[in-house]
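The values are calculated or read from the model by the stated rules, or taken from the named source; none is laboratory data. Please read all numbers here as calculations on a predicted model, not as lab measurements. FYI the Cβ positions are ideal-geometry reconstructions off the backbone, even for glycines, and counts take in every protein chain you see. Accessible surface areas use protein heavy atoms only, side chains included; no ligands, DNA or RNA. Shrake-Rupley method; radii C 1.70, N 1.55, O 1.52, S 1.80 Å.
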Amino acid sequence: MRLLQLQYFCAIAEHENMSRAASIMNVAQSAMSKSLASLEEELGVRLFEREGKYLVLNENGRLLYEQASYALSLLENAAK
């Protein structure tokens, strides 16, 4: 699990849309999609339920988002 994967994951979770998250993170949607697929494969679980063009966190995703967003917040504060 890499820091960039967690940043992408959190962006997708917050915007519930891969294209919008990719645009905000200034990265190609395909790169973000591959990163998410790699993260899900590494963890062995799905993190989102796909509902049309929206991605909604499932229980696994909610648990990871809670921890990942906290960890990213700590890193951001440490950098300040």
Using a 1.4 angstrom probe on heavy atoms only, work out the carbon and sulfur share of the accessible area of the chain in %. 51 percent
Selection from MET25, LEU75, ALA11, by position along the positive dipole direction of the chain (Cβ): MET25
Using amide H atoms built in the peptide plane, which far-off residues or other-chain residues are under 5 Å from PHE48 H to H? ASN58
Sketch the reach of a paramagnetic label on ARG50 as a point 7 Å from Cα along Cα-to-Cβ, and name the residues of the stretch 13-33 whose backbone nitrogen lies under 11 Å away. none
The chain: calculated mean residue ellipticity at 222 nm from DSSP helix runs of at least 4, using -39500 (n - 2.57): -23000 deg cm²/dmol
For the chain, diffusion coefficient by Stokes-Einstein and Kirkwood Rh (Cα), 10 °C, 1.306 mPa s, µm²/s: 126 µm²/s
Expressed per residue, the solvent accessible area of the chain in Å² (1.4 Å probe) is about 64 Å²
Table column - 3J(HN,Hα) (Hz), the stretch 19-33, Karplus curve with 6.51, -1.76, 1.60, x for Gly and Pro: 5, 5, 5, 4, 4, 5, 7, 6, 9, 5, 4, 5, 5, 5, 4
Starting from the Cα of ILE24, step 7 Å along the direction of its Cβ; do the same at LEU3; then give the gap between the two resulting points in nm. 2.0 nm
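State to the nearest 20 debye the size of the charge dipole of the chain about its Cα centre, where the only charges are +1 on K and R beta carbons and -1 on D and E beta carbons.
In total the dipole reaches around 240 debye.
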